[in-house]
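*Asks:* To start, I am sharing the structure in question, which I have written as C-alpha cells.
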Amino acid sequence: MWVDDWAPRAACRDAQPDQLFVRGAEQNKAKQVCAGCGVRTECLAEALDNQIEWGVWGGMTERERRALLRRRPSASWRKVLEDARDNQGAPAI
C-alpha cells in the first residue's frame, strides 16, 4: 500500500538535516538510516519525481538517483516503484 503522507513515518523524521545532506563517505552513514525505513520507497519516488538534487533520499545518494533519471528520464517514479513493490515476490510469468 502506498503512503501519500510518508514523511511523519520516515525513519529520519527526528534526524538533523545535517545528517542526511552530507558528502562523500558520510553518505554511507546517512543511507543506514534509510535501511529499515517503512516508507523508503515513497521517499525515493518523491526525490526522483521532483528531481531533488541534494541529500540521501530513499537510501540513494544524488549520484545514484541521477543514474536512474538518465536511464528513464520521463518515468513516473511513483508508478515504477509502486509497481515494483507490488510485484515483489510475485511468481515469474
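*Asks:* Provide a single number: the residues in the stretch 54-74 that are small (G, A, S) and surrounded by 15 or more Cβ atoms within 10 Å (Cβ to Cβ).
*Replies:* So the answer is 3.
*Asks:* Then there's this: Would you check which residues across the stretch 10-41 are over 22 Å from R78 (Cβ atoms) and of a type in the set (K, R) and list them?
*Replies:* Residues satisfying the conditions are R23, K29.
*Asks:* Same structure, new question: Out of the residues in the stretch 1-53 meeting the condition of being surrounded by 13 or more Cβ atoms within 10 Å (Cβ to Cβ) and of a type in the set (S, T, N, Q), tell me which one is modelled with the lowest pLDDT.
*Replies:* Selected residue: Q19.
*Asks:* Mind checking which helices (runs of 4 or more DSSP H) fall wholly inside the chain and carry at least 3 residues that are among the acidic types (D, E) and under 15 Å from the mean Cα position of the chain (by Cα)?
*Replies:* 40-49
*Asks:* Does the stretch 77-91 include one or more residues that are within 23 Å of E26 (Cα to Cα), touching a helix residue (DSSP H, G or I) at 6+ places or on another chain (Cβ under 8 Å) and surrounded by fewer than 16 Cβ atoms within 10 Å (Cβ to Cβ)?
*Replies:* No, the conditions are met nowhere in the stretch 77-91.
The values are calculated or read from the model by the stated rules, or taken from the named source; none is laboratory data. Values in this document were obtained by computation on a predicted structure and should not be read as measured data. When we count neighbours, we look across all protein chains shown, and the Cβ atoms used for this are built from the backbone with ideal geometry, even at glycine.
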